[in-house]
Structures are given as structure tokens and as C-alpha cells.
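The block underneath contains the structure these notes are about, expressed in C-alpha cells.
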Amino acid sequence: MSMSFAGQTAVVGIGATEFSKNSGRSTLRLAVECCEAAIADAGLLPEQIDGMVGFTVEENHEIDVARSLGIKELTHFSRIHHSGGAACGTLHQAAMAVHTGACKYALVYRAFNERSETRFGAGVQGLDNAPTPIMVDFGWCLPFGLLTPASWVAMFATRYMHQYGATSEDFGRISVADRRHAATNPEAFFYQQAITLEDHQASRWIVKPLHLLDCCQESDGGQALLVTTLERARDLPNEPVVIASAAQGSADDQQMMKSYYRDDITGIPEMGLCARQLWNDTGLGPDDMQAAIIYDHFTPLVLPQLEEFGFCAVGEAKDFIKDGNLELGGRLPMNTNGGQLGEAYIHGMNGVAEAVRLVRGTSVNQVPDVSNVLVTGGTAVPTSAAILSRAG
Amino acid sequence: MSDDNKSKTPDALLAALRRIVGVATEPRVTRDDVNQAMIRHWCDAMEDHNPVYTDPAFAAESVHGGIVAPPAMLDTWSMPGLAPRPRQESSSGEEAGMVPVLNQLDAAGFTSVVAAGMSHEYHRYLKPGDRLTISQVITSVSDEKQTALGVGHFFTTESNFADQQGNSVGRMEFSILKFKPGTGTVNMDASALEGLEKMPRPRPAISRDTKFFWDGVDQGELRIQKCNSCDGLHHPPVVRCPGCGSYELGYLVSQGRGTVYSFVEVHHPQFPMFDYPLVGVLVELEEGTRIISNLVGVKPEDVETGMPVELAIEATDPGLSLPLFRRARPARRESTLLFADLEPGQELPPCPVAISRTLIVAGAMASRDFQDVHHDPDLAKKRGSPDTFMNIMTTSGLTNRYVTDWAGPEVIFRKLSLRLGVPNFPGDTLTYTGQVQSTALRDGKGVVELLVTGTNKLGDHVTATVELELPTP
Ligand SMILES: [Zn+2]
């Protein structure tokens, strides 16, 4: 689907709480703090906000966030499904809303105490087995002891390794690059804590073939963004960061974390669908990206994302990574904030914020001469992606 | 002679037992001639499909020239059946053989029995109509020993089998432990058995649209949704065929054969309701769909993508059955290996055996072994075992089958000796592996020695050495 508003909207503000393992406050407080910061960064006042876009898995309703912020009237509010898959989907939704006039200033937010309160990594437990759609779906994996996202993703990883000869070390190089970038980012949880490939290999198994250091951390924190039209953005203090395109994707026989029944399970066709939309909307291609934020909840699924966007041929991501292309100074510096492995796991929203900083030129690991940055949403679920660009 | 044994001191008991050592029983003709019915029953129980045992046409063309009995049946022919123990004595009327030893030990409170090992030598294959005569001698009785199972005595017997012409057809050494129940050093009550008492697994949530699948599992079937209009398969189920639009959705019953498409090994976090190591597997079924399951009875390091697997619907928890998979049983070789095909170090393909309650009972009956521990769970518990367990003759039958399925129908067994370790309880999977130890030409015959091991989740159940004769063209 081509986006008629490609290049017509912009991110004008970003705001976040600190990223920690124990925020010590409510998720509502985190949501309000990060939203307030994004509104302030945009040079706006809460009463100017008239749209809010969130995640369906977000526990804080927009009305509660709005009430504490002093937002008065909302003319658009919507939620996007599929956890981290929504990361750029929220951006897409906000862009549509402001472009169509459903609202003028759309606030996008995600806040949780994913480490101190509800850990996804602890596994699906203690739910009753009433036949709701989600429990019926879980019924195909929970009785077999596959209770965690790591266990579902590992199934894709084993097949990918088998088919293309990728190794655990190839996955490890993602982790090492992320942590190297986090080491110089004071906001990152793993600030000044780089790791080596040996550290990765020595880390304990979570679900083989995933080591601990293939799995992103679990974090407490909040991240917000402010979206408006490019026209309004030009009147605001920050240099606008143009949403060149944003897209969602759900592909044939899509299932939640377990799209195991397709002819081939080594690719991510829903991300390929996003890629086609982004390239079509913008006329850009892989060579036009100076940096990328690639969703990295688990390292193995970074590889097929690089392939779906055409940064390398199918099955060759391991070589692309090995050549140092994802490092600062490489062909495609990736996750310059440290990614979710190094900075924080905020369902990809902190990555969108880093893409904004890269375009603004304010990343702590700034890549020179950035015109366009690719950012992707969560994988193994219906997903999303966006290209953020410097205003022409 | 049979004074009150309970009043005997341990020394007196041992002295009485040792008086029996070395006294051979008067040769006794077995209850039944070698016969096709018992052979067939045995082959059914062991799932041994070697046609030399049951297919007259094949057998006639074979090296045997006619139907033969599985070699591992040797001592089955001499079992008394469900009848009181016969008297055993020497030709001069002295106590002799196993029966008086068993009687004396029973009377002294050593009422539980477990086989420790056995060794068969085969001088020729037996054919229906053969009438065997057996003579038995106790070769040793141990001092009283504290074993894991209990305080008891080991004793060994040697049995010689002759045919109607008086020619020796085979020889057996057998080693048994008789022990006092409840005196063991390991706690063999039910909770010692992994998997019997634990928190239940998460149960599948079942909707109207998925009920057929779980009903099928309860009935021992793996059902895959199939469109009645276009035959398209859909798993997990849909409500409308996306291929042709039909709402008329039925199912097929999968044959349960497939290959490992992908797999994972869960390490962390671990949950009390699962056994670890835990292998999650994505099986590609022959019918064309895939299914998430667990691979059981396989060590995680032995799992490979592409490995053939077969369905094993198992009751994992009270009231919950799941479609699990185990390594597929390798196909039976139809033409026999040649001596020249083999060299030391060569591996036999791993082969799983599902230890069902039926197999345990059927194997015991097929070998005419009516010891209650092999068919009655309540009495097995009274005798200090958490459940019924497989008898040694079934283990030898399965070992026989494993080796012939690999080597081919006309391989000749010369020796089969096995030592038992942990028991085979119902619900477990016994996995055989084996290796060629040596090959040698002796008197123009190709003699091959194998080491075969059968392991279950408790450890090594059987370690066997097998001497085979293979064709040398
Ligand atoms: Zn159809």
C-alpha cells in the first residue's frame, strides 16, 4: 500500500524516563513523565495535544495519562496490536491521524515495569485455560514446555542455522556490536559494559541455540514521541525529523510468535512487506540508509531483517555482519544507542527515538551525514517499520 | 529336608543353599514342543517382524530352510507357565536346580526376585516340532549382600538344552537376585520415579474449533484439519478453508511419521511440571503440515534437523494426553548384511522402544513368565517396586529384534548375553544403540561381536554383547 502522506509528517519531540531494572514508581507515572518530556522537547504545551496513540498491551489508558498531563480534549486515540511489532505501527498511525486531520499533535507512548513487575521472560504462567483466542493459540505450545518468547524464537533460529550455516557466533556479533554502542551511551543500562564474543559464547543457555546474551534485557521505563504534520513541524523549535514512510506488515499464514507453518520459516515475510512499502513510498533503497535501528529482542531475527530489506542477499547476513558492517564506521551502523540488548527494552520505542536523534545529529554515537535512518518493529509478530529522514 | 527355614540362621540358610550348588537336575522334557503359536505370540509382543519366524515361504528359502524360533526364546521353552513350581531334583533324588533355591529363599523372607543378567549360547536354531530336554544346575550362591533393591542373595544357574536326538541346542547362564522387600538402600517408592507425581502441565485451552484435535489425542489419534472440499490441510485449525472458501472442514488421522524441521532445548527458566532436558520440536509430518511437540527418549545432543520421528501419544499428566514424538524406529533391513560390510567401530542406528504397560505384560506372557511384578502393579508395589517392570526375557527379545532389524533376517545369533541395570517401567522409552566391537573369520565363518546398550530415562537398562554369524559369499 502506498502512503499518500509519505514525507508529509514528522516527529517533533522525543522524551523518555531513565531505563532501569526497578523504576520504583508506577507505570502510569513512567508514561506521564516520558510524555511530558516529549511534549516539552517539541516546544508544545499539554493542552495542545489532541491525539494519542498507544500499544494494546500498554496498561495505561490514554485518558489516565491525559488527565495527569493536563491534556484537555482528544479527537483521536487508537492502539496498535502485537507488542513490539507495534513500534513503528504507532508512528504510522499517528502520521495518518495528523495527515488526515483527525488530530493535530499526536502523542505516542509506551511505558512499563517489564523487569520489576511483569517479566515476559518468566514465561506464560498461571493463566486459566478458558478458551479465549489467545489461550487456544497458547494451547499449541504451552503444554510442551514452550512458555517463553525465547523458546518460540529459538525455533526459527535453529532452522535458519540449519539452512544457511549461520552459527551462534554470528548471532553473538549482533550482541557485541549493540553492547559496544551501549558502552558509550550514558542512558544505556549497560553503559560502560561492553562484551566480547567470548563473553557471548560463555553466557548460559536460555533456550538453545539462544545464549543469555542473545536475549535482550528486561527493562523498566517509558518512551514517548510527538508527531505532527511537516507543515506544523516547521513552526516548532526542533529541526523536523520527517516520517519519509512508515508501514505495517502481516503476511500470509501469520501467527503470533509461531508462524511455523509457512513453506519457509527462515525469512520474515511480514518485514519484507514493510520493506516493499517503504522503498515504494520513498523511492529509496538500502544504499540510501546511513544507519539502521533493527529490532533486536533476540539476535537471530536481526539476520533475516537485514535480508528482507536487501542490505545483503538471503542467507548472507552472517557474512554481512562478520564484515563489521553494523559497527560505527561500517556500511550500516546499527542500534547506535545500544539497542534493546544494550540500552533498554521498551518495545522498540527507544529505538525510534534513537533514529530521531541520528537524523537530528544528536546521537551519542552519531553517524556522519545522516539523511535517512531505517527503524524496524518487533519480529515474529505482525510488524512495522519506518524511514526517518532529514527535512529537505 | 524342608524343616522350618524361618528359624534357620543366615549361616544355616547359606549352607543349605550351597548344598544345592553343583547338583544337576534330572533332564526334564519341556512342557510344549517348539511351536508356531508361541513363536507368533512372542513376535507380536516384541513387534519382531522377521519373516523367518512366521512366514513359511520366506523361511523355506532362507538359510534356515524353514520356520525357526527367535533365538532369544531359548529359555521360554523351559518355563513352567502358570502352574506351581515343579519339583526339581537330581536323578538320585537330591534337591537340585533353581526351584529348591527359590523355595528356601522365599521361606526365609527373601520373597522378591529380580534378574541380574543372562547369557545364551545357541548351537542351532530351534524349529517347530523340536522337543527339548533341559537340565539345570546351580553354579553359585552369594553371601548375603546389601543391594540397592534390598538385602539378598545372588545365585546363578546353568541350563543345558538338548533336542529329541540328544544333541545340545543351547546353553544358558542366568543370574538372579532374591531379596527382602523394603530393605533397599534406594527409595523405590513411586515418588522416586520422575514424572509420576508432579505439578500438572499447562492444559491446552480448547475451543469449539479445536475440540476435534484434542478429542483425537484422547483417543490416541493425531488429527490434522482437512478441508472436505479441496483436501487442503490446516494446522492449527482454521474455521473456513482459506484455499477454497469451504466451511466443511474435517480431519485426517496422521500416520504419525515425520521429520524434525526445527528444534530447541529449553534451559531457563525451568518449571516443576516438565522434565528437563526438554526438547521442543517442530515436526514436519509426512502428510504435509507441521506441529509443535516434544521429542522424548532422545538426548538433546542427538537431535538433528531432518531426523525421522514418530508419534507417541502419551498420558503426561492425570487426564491429559499429548501428541509427543520419539525417534523413529529404523526400518527393518530386508536383505541380510554381509560380513564384508562390517568393521569394528561401526555404529548401529539408535532405535526407540516405547515401554507400554501392554508391552511389559505381553512380553511376560509371551515368555511364560507369570511373576506378579511383571503384570500386577499392586503386587509389584508390595514387592518393593514402584510399578510393574519389564522381565529380562522381554529385554532379550527386544535386543534380539534390534540386532536382526539392523543386520537382516538371516543373521545367525551365536551368543546373546545381557546385564540388567535400571528397570523398564511403563511410560518410559528404551533407546537402543550399538556398535560393532570386532569382526573375525573363524572356520570360514564371519563372526561379528556387538556391544548393545538400551537406556531409558533412569539410566542404562541393559548392556548386551552379541555374537553373530554373517554371510561370507
Ligand atoms: Zn478447501
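A quick yes/no check of all residues on (1) exposed (fewer than 15 other Cβ atoms within 10 Å of the Cβ); (2) farther than 25 Å from A:Glu231 by Cβ; (3) touching a His at 6+ places or on another chain (Cβ under 6 Å):
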| position | (1), (2), (3) |
| --- | --- |
| A:Gly7 | no, no, no |
| A:Ile14 | no, no, no |
| A:Ser20 | no, yes, no |
| A:Arg29 | no, yes, no |
| A:Val32 | no, yes, no |
| A:Leu45 | yes, no, no |
| A:Asn60 | no, yes, no |
| A:Asp64 | yes, yes, no |
| A:Arg67 | yes, yes, no |
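Considering each residue of the range A:161-169 in turn, at least one proves to be part of a helix (DSSP H, G or I) and away from every other protein chain (no Cβ under 14 Å). Within the range B:226-239, restricting attention to residues that are more than 11 Å from every other protein chain (Cβ to nearest Cβ) and either in a strand (DSSP E or B) or on the phi > 0 side of the Ramachandran plot (or both), the residue that is farthest from the ligand (Cβ to nearest atom) is B:Lys226. Total residues in the range B:42-98 satisfying the condition of being surrounded by fewer than 18 Cβ atoms within 10 Å (Cβ to Cβ), of a type in the set (A, V, I, L, M, F, W, C), assigned to a loop (DSSP other than H, G, I, E, B) and at pLDDT 95 or above: the figure is 1. B:Val298 meets the conditions (1) more than 9 Å from chain A (Cβ to nearest Cβ); (2) buried (at least 21 other Cβ atoms within 10 Å of the Cβ); (3) under 20 Å from B:Ile355 (Cα atoms); (4) over 20 Å from the mean Cα position of the chain (by Cα) in every case but one. The failed one is (4).
Please work out which residue is surrounded by the most Cβ atoms within 10 Å (Cβ to Cβ), limiting yourself to the range A:296-335 and to residues that are of a type in the set (Phe, Trp, Tyr) and touching a Cys at 6+ places or on another chain (Cβ under 9 Å).
Taking the range A:296-335 first, the residues of a type in the set (Phe, Trp, Tyr) are A:298, A:309, A:311, A:320.
Next cut, touching a Cys at 6+ places or on another chain (Cβ under 9 Å) only: A:298, A:309, A:320.
Working: A:Phe298: 27, A:Phe309: 24, A:Phe320: 20.
Among those that are of a type in the set (Phe, Trp, Tyr) and touching a Cys at 6+ places or on another chain (Cβ under 9 Å), it is A:Phe298.
Can you tell me which residue among B:Pro204, B:Pro242 is within 16 Å of the ligand (Cβ to nearest atom), part of a loop (DSSP other than H, G, I, E, B) and not acidic (Asp, Glu)?
Working: B:Pro204 fails: within 16 Å of the ligand (Cβ to nearest atom).
Every option except B:Pro242 fails the conditions.
Taking first residues from the range B:244-266 that are within 14 Å of another protein chain (Cβ to nearest Cβ) and partners that are among the small types (Gly, Ala, Ser) and within 16 Å of the ligand (Cβ to nearest atom), no Cβ contact under 6 Å between residues at least 6 apart in sequence or on separate chains turns up. Can you name the residue in the range A:289-300 that is within 15 Å of A:Ala177 (Cα to Cα) and of a type outside the set (Val, Ile, Thr) and is also nearest to the chain's Cα centre (by Cα) among such residues? Residue satisfying both the conditions and the ranking: A:Tyr295.
Listed here are the residues, each with its yes/no results for (1) under 28 Å from B:Thr305 (Cα atoms); (2) at the interface with chain B (Cβ under 9 Å from one of its Cβ atoms).
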| site | (1), (2) |
| --- | --- |
| A:Leu107 | no, no |
| A:Thr118 | no, no |
| A:Gly121 | yes, yes |
| A:Pro131 | no, yes |
| A:Ile134 | no, yes |
| A:Asp137 | yes, yes |
| A:Phe144 | yes, yes |
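Of the strands (runs of 3 or more DSSP E) lying entirely inside the range A:212-329, those carrying at least 1 residues that are over 28 Å from A:Glu114 (Cβ atoms) and not acidic (Asp, Glu) are A:220-229, A:241-249.
Which residue out of B:Ala362, B:Ala407 is closer than 21 Å to B:Lys445 by Cα, aliphatic (A, V, I, L, M) and not assigned by TED's automatic domain parsing to the domain that holds B:Leu82? Spell out how you get there, then give the answer.
On the way: B:Ala362 fails: closer than 21 Å to B:Lys445 by Cα.
Every option except B:Ala407 fails the conditions.
Of the residues examined, B:Thr358 is one that is away from chain A (no Cβ under 14 Å) and in a helix (DSSP H, G or I). Quick check on A:Thr100: is it more than 7 Å from chain B (Cβ to nearest Cβ) and over 27 Å from A:Thr27 (Cα atoms)? Yes; evaluated as a whole, the condition is true for this residue.
Being more than 14 Å from chain B (Cβ to nearest Cβ) and surrounded by fewer than 21 Cβ atoms within 10 Å (Cβ to Cβ) narrows it down to one of A:Asp235, A:Asp178, so name that one. Talk me through it step by step, then tell me what you get.
On the way: A:Asp178 fails: surrounded by fewer than 21 Cβ atoms within 10 Å (Cβ to Cβ).
None of the other options fit; the residue is A:Asp235.
What's the total number of residues in the range B:41-89 that are in the same structural domain as B:Arg124 (by TED's automatic domain parsing) and among the polar types (S, T, N, Q)? So the count comes out to 3.
Output the residue which, of all residues in the range B:245-257 that are within 11 Å of the ligand (Cβ to nearest atom) and not aromatic (Phe, Trp, Tyr), is farthest from the chain's Cα centre (by Cα). This residue is B:Gly245. Residues of the range B:291-342 that are touching a strand residue (DSSP E or B) at 6+ places or on another chain (Cβ under 9 Å), part of a strand (DSSP E or B) and hydrophobic (A, V, I, L, M, F, W, C): B:Ile291, B:Ile292, B:Leu295, B:Val296, B:Val309, B:Leu311, B:Ala312, B:Ile313, B:Ala315, B:Leu322, B:Leu324, B:Phe325. Please identify the pairs in which a residue from the range B:301-323 that is at the interface with chain A (Cβ under 9 Å from one of its Cβ atoms) has its Cβ atom under 8 Å from the Cβ atom of a residue that is among the charged types (D, E, K, R) and not in a loop (DSSP other than H, G, I, E, B), counting only partners at least 6 apart or on another chain. If the second residue must be among the charged types (D, E, K, R) and not in a loop (DSSP other than H, G, I, E, B), the pairs left are B:Thr305/A:Arg159; B:Leu322/B:Glu314. Scanning the range B:440-465 for residues that are surrounded by fewer than 15 Cβ atoms within 10 Å (Cβ to Cβ) and among the acidic types (Asp, Glu) returns B:Asp443, B:Asp460.
The values are calculated or read from the model by the stated rules, or taken from the named source; none is laboratory data. Keep in mind that what you see is a predicted model, and the values were worked out from it rather than measured. Note: ideal-geometry Cβ built from the backbone for every residue, glycine included; neighbour counts use all protein chains shown.
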